[in-house]
1. In sequence order, what are the phi-derived ³J(HN,Hα) couplings for segment 43-54 according to the Karplus relation 6.51 cos²θ - 1.76 cosθ + 1.60 with θ = phi - 60°, rounded to whole Hz, with x for glycine and proline?
2. Taking the Cα centre as origin and putting +1 on Lys and Arg beta-carbons and -1 on Asp and Glu beta-carbons, what dipole magnitude results for segment 36-102, to the nearest 20 debye?
3. Given N residues in the chain, what is its alpha carbon radius of gyration divided by 2.2 N^0.38 Å?
4. Per residue, how much accessible area does the chain show when a 1.4 Å probe rolls over the protein heavy atoms, in square angstrom?
5. In whole percent, how big is the carbon plus sulfur part of the accessible area of the chain, probe 1.4 Å, protein atoms only?
6. With each label point set 7 Å from Cα along the Cα-Cβ vector, what nm distance links Ser134 and Tyr70?
7. Just to check I understand the Karplus step: with θ = phi - 60° and J = 6.51 cos²θ - 1.76 cosθ + 1.60, what whole-Hz values come out for segment 19-31, glycine and proline as x?
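The values are calculated or read from the model by the stated rules, or taken from the named source; none is laboratory data. In this text, all values refer to a predicted model and were calculated from it rather than measured experimentally. When we count neighbours, we look across all protein chains shown, and the Cβ atoms used for this are built from the backbone with ideal geometry, even at glycine. Protein only, heavy atoms only, side chains kept; ligands, DNA and RNA dropped before computing areas. Shrake-Rupley method; radii C 1.70, N 1.55, O 1.52, S 1.80 Å.
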Amino acid sequence: MNQQTPDSRPDLANAARGLRHVFVNRLAVEASIGIHPHERENKQTIWLTIDAGVLEESATPEAIGDVVCYEDMCKIATALASDGHIDLVETLAERIANRLMEDPRLVQIRVQIEKPQAIAEASSVGIAISRLRS
């Protein structure tokens, strides 16, 4: 099975740079996505994996406002994936990355989108993009 395991995911945490790794692994979302007629007619399950390198504002955070919240990341990604039909997974990945990078604490992001039902012989297919704040 081709799936990202915690041991194989990018390690974006870096104490020397003051970075924390915040991630969402295989968030299941129902989306209208794809170029084929059947994909335009019916929603399908996609899996979203997000890895973010986040600047630590505090070495020992005490409150939710001190951190980038993975629940908020899930809500943003789900809203973007659910907002009408999207032809390409690449388009959705860019939208998610761009929206999440609006938070100035994120210095890098990796967005992976998988379509588990697209190819019968594969456990999933998809794309991944990485973006680094310049």
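1. Whole-Hz 3J(HN,Hα) from phi for segment 43-54: 5, 9, 7, 10, 10, 10, 10, 10, 10, 10, x, 10.
2. For this selection, approximately 340 debye.
3. Here the Cα radius of gyration is 1.10 times the empirical estimate.
4. For the chain, the solvent-accessible area averages 57 Å² per residue.
5. Summing carbon and sulfur atoms, their accessible area is 52 percent of the total for the chain.
6. A separation of 3.1 nm, rounded to one decimal place.
7. So the Karplus estimates, Gly and Pro as x, are 10, 10, 9, 10, 9, 10, 10, 6, 5, 7, 9, 8, 9 Hz.
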